[in-house]
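The values are calculated or read from the model by the stated rules, or taken from the named source; none is laboratory data. What you see is a predicted model; the values in this text were computed from it and never measured. Note: ideal-geometry Cβ built from the backbone for every residue, glycine included; neighbour counts use all protein chains shown. Quick note on the areas: whole protein, heavy atoms, side chains included, nothing else; ligands and nucleic acids left out. Shrake-Rupley method; radii C 1.70, N 1.55, O 1.52, S 1.80 Å.
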Amino acid sequence: MTARPRWSSDELEQVRQLAATYFTKEVIPNVPKHVAQGHPDKALYRRAGELGLLCMSVPEAYGGGGGTFAHEAILTEEQVKAGDPSMGFAVHCSIVAHYVLSYASEAQKQKWLPKLASGEWVGAIAMTEPGTGSDLQAISTRAVRDGDFYKVSGAKTFISNGRVCDFLIIVARTGGPGHAGISLLCAEVSDTTPGFERGRILDKLGGKGQDTTELFFDELQVPVVNVLGGEEGKGFIQLMQQLPQERLSTALIAMASIERAVDLTVEYTKQRHAFGKPLFALQNTRFELAECATLRRVCRSFIDECVESHLAGSLDVTTAAMAKYWVTDQACIVADRCLQLFGGYGYMKEYPISHLFADTRVLRILAGANEVMKELVARSL
């Protein structure tokens, strides 16, 4: 069983129970449908909003829950624990809403955040381009000013929530080369928005029910007042300021994946028999699980330290990079070792460990590839 994190509280554990009920009763029964269509039903975002599960760390004045990042962490953990690969809450709540909260004008916060918190809108952020990957300074999507509007042209790929989003933060070049020419533009979008086109839903190794999409812009008009921070050229700094929370969120997904993998495998090996005894009675099984349980404990201690630091406003870029690369690496190791203990059944899609194995792999890539994380750590030495 997973122990209560040391940063939790009785109130947060009540949120955990609510989130667990939402995922197990309302989301999980719809996962086959989400996988078949390639995206979750937007009605489930609205339902989460009705329950108060969206934007829990956004102040109540903007329609949020008035809580902290700990509330978002609880939601993340329960989504993984339930086995849901489809709902894009980590992007919607922990990333998009906080760009708006941190950099938008008061009027924009009053307009945009309540719609994100209610689930009326689904949020996405368009960073990655076909030729850039983690090198955000090399983006080529361009926003050319024309009176009171920017005309945005370019292409993005690997955009989480791209198929269902109504609100999109676009990383675009409003100036010259390098980081000084980058701005973040907020666009309200739909399938009928001129100059905006959703491409194909990408067929991924894992995360099958979550929409990861190509997006195309052909002189999409975005009001000049929608540049975050009120002026051009602040985008790269804003990205750097927000990325530690995104990387901690990714590490939390990995942490919950480790815990779920170990729990599933302990349960299975105690029930499954081989050579006349439970698999768990075999020394190799016990040693493998002992090592996985140790990795789980060590990673949890580090993650809890990072969450506590972030809640205190002191999580630095280096530590966030360490957590992101280390815990996601361990999640893939643990998922692989646990799947092995299921034998042939571990390779069958009817067993959750197979989905966990596939879903976990992307964590070493998204939010900045782990090789980039190691470079960030090395620069601090």
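Does Thr132 satisfy the criteria of being in a loop (DSSP other than H, G, I, E, B), touching a helix residue (DSSP H, G or I) at 6+ places or on another chain (Cβ under 8 Å) and open to solvent by 10 Å² or more (accessible area, probe 1.4 Å)? Write out each step before concluding.
Details: in a loop (DSSP other than H, G, I, E, B): yes; touching a helix residue (DSSP H, G or I) at 6+ places or on another chain (Cβ under 8 Å): yes; open to solvent by 10 Å² or more (accessible area, probe 1.4 Å): yes.
Criteria met by Thr132.
Just one of the listed residues (Phe275, Phe280, Phe287, Phe357) is under 22 Å from the mean Cα position of the chain (by Cα) and open to solvent by 30 Å² or more (accessible area, probe 1.4 Å), namely Phe357. Only residues that are under 23 Å from Val372 (Cα atoms) and either of a type outside the set (Ser, Thr, Tyr) or at pLDDT below 95 (or both) were counted across the range 257-283, and they come to 1.
Please work out if Val152 is part of a strand (DSSP E or B), of a type in the set (Val, Ile, Thr) and surrounded by fewer than 17 Cβ atoms within 10 Å (Cβ to Cβ). Can you show your working first?
Numbers: part of a strand (DSSP E or B): yes; of a type in the set (Val, Ile, Thr): yes; surrounded by fewer than 17 Cβ atoms within 10 Å (Cβ to Cβ): no.
No, not satisfied.
Residue check: Glu120 meets all listed conditions (1) assigned to a loop (DSSP other than H, G, I, E, B); (2) of a type outside the set (A, V, I, L, M); (3) in contact with a strand residue (DSSP E or B) (Cβ under 6 Å, 6 or more places away or on another chain); (4) closer than 30 Å to Pro59 by Cβ but one, namely (3). Scanning the range 181-190 turns up at least one residue that is part of a loop (DSSP other than H, G, I, E, B) and surrounded by fewer than 17 Cβ atoms within 10 Å (Cβ to Cβ).
Just one of the listed residues (Leu243, Leu315) is at pLDDT below 95 and within 28 Å of Pro85 (Cβ to Cβ), namely Leu243.
Take the conditions of a type in the set (A, V, I, L, M) and over 22 Å from Ala97 (Cα atoms) and apply them to Ala172. Does it pass? No. Among the criteria (1) at pLDDT 95 or above; (2) touching a Ser or Thr at 6+ places or on another chain (Cβ under 8 Å), the one Gly368 does not fulfil is (1).
Within the range 220-237, the set of residues being surrounded by fewer than 17 Cβ atoms within 10 Å (Cβ to Cβ), in contact with a helix residue (DSSP H, G or I) (Cβ under 9 Å, 6 or more places away or on another chain) and not in a loop (DSSP other than H, G, I, E, B) comprises Val225, Ile237. The one condition from (1) more than 16 Å from Ala254 (Cβ to Cβ); (2) open to solvent by 60 Å² or more (accessible area, probe 1.4 Å); (3) touching a residue at least 12 places away in the same chain (Cβ under 8 Å) that Lys349 does not meet is (3).
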